[in-house]
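The values are calculated or read from the model by the stated rules, or taken from the named source; none is laboratory data. Just so it is clear, the model here is predicted, and its values are computed rather than measured. Neighbour counts are summed over all protein chains in view; Cβ atoms, including those assigned to glycine, are modelled from backbone coordinates with ideal geometry. With ligands, DNA and RNA removed, areas are computed over all heavy atoms of the protein, side chains included. Shrake-Rupley method; radii C 1.70, N 1.55, O 1.52, S 1.80 Å.
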Amino acid sequence: MRVWIVFLLCLAGHAMAAPTEEEPMTEEPVYEVEEEVVVEDPVMEETEVGANPVQVDVGDFDEAIDIVEEDVEDNPCLNYHCKKGKVCELDEGNTPMCVCQDPSTCPPAEGEFEHNCGTDNKTYETSCHFFATKCALEGTKKGHKLHLDYIGPCKYIEPCMDNELKEFPMRMRDWLKNVLVTLYERDQDNDLLNEKQKLRVKKIYENEKRLQAGDHSLDLLALDFQKNYNMYIFPVHWQFGQLDQHPADGYLTHTELSPLRAPLIPMEHCTTRFFEECDTDADKYVALEEWAACFGLKEQDVDKDLII
Ligand SMILES: [Ca+2]
Ligand SMILES: [Ca+2]
């Protein structure tokens, strides 16, 4: 009797997971950002600043972990870690090695929210499917160009007009400032900011002239940027530092930008164009100077020492 109950439960679980399986995996490559991060980050859930992609744990986007610990009792693969898209297998000598994962062994998505859209404009069922697909293309031009583009299934994203493109950084820098202030307010015991960062944000927080968070007109945002320009300098640097971690070299790669881009693209149709045009010299990296200029900071205010 008991066995049947367990069996039925398993079946039910399977059935619930099944509907998302219909999409043929082979046809669905996807983007390559690291998705779930957003959902998992407790900070984002606590802040009231809206979905806060900034707080995404960039660590999860790190694809390059091919390591290794040996505790080889029974299964040498037990403590052998492979990067996303790969799994551990033993060779003839019982030595563990990382090989590309077969996408069909990825767990099915539990819902559409697990789908990802790739830069090839294909929907991948889950990030596991995406990375497994990318792994199989390793070493090819196609694989090199394939990235996770945004979270959710691929959809039509309307073109970003010039005037809309101008508005994007105005809203974003205001939002960055509000995120920092919110983190500061909630920081009591949970170290959302380090001490140096807190000192910087404290000045913004305590400044009576600060424009409070709200749904402001673009005119007001532009005016505030003029009047309170200094309050925006640190938030812009802070966001850069949050993203520039793999490695922290003063340049943002597509993968480093992903935690910010991926959740934003479906909501803000100018995201892709904005970050593309930030890369003024078109070398595929967004340097700190390029980043700061994108948000309207003056050249003389770009300061590596503000990445703290
Ligand atoms: Ca970097
Ligand atoms: Ca560049």
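Among the residues of region 151-173, those identified as under 20 Å from the mean Cα position of the chain (by Cα) and either assigned to a helix (DSSP H, G or I) or basic (K, R) (or both) are K155, F168, P169, R171, M172, R173.
Residues of region 97-125 that are surrounded by fewer than 24 Cβ atoms within 10 Å (Cβ to Cβ) and among the polar types (S, T, N, Q): Q101, S104, T105, T119, N121, T123. Out of Y150, Y229, Y205, Y184, one residue alone is within 19 Å of E276 (Cα to Cα), hydroxyl-bearing (S, T, Y) and either surrounded by fewer than 21 Cβ atoms within 10 Å (Cβ to Cβ) or at pLDDT 90 or above (or both). It is Y150. Put simply, of K177, K166, K155 the only residue that is under 30 Å from L211 (Cβ atoms) and open to solvent by 80 Å² or more (accessible area, probe 1.4 Å) is K166. Condition test on G143, is it outside any helix (DSSP H, G or I) and free of Cβ contacts under 8 Å to residues at least 12 places away in the same chain? Taking the combined requirement at face value, the residue does not satisfy it.
Scanning region 204-219 for residues that are without any contact (Cβ under 8 Å) to a residue 12 or more places away in the chain and either more than 19 Å from C294 (Cα to Cα) or under 26 Å from the mean Cα position of the chain (by Cα) (or both) yields a count of 6.
Within region 126-147, the only residue that satisfies the criterion of being β-branched (V, I, T) and open to solvent by less than 20 Å² (accessible area, probe 1.4 Å) is T126.
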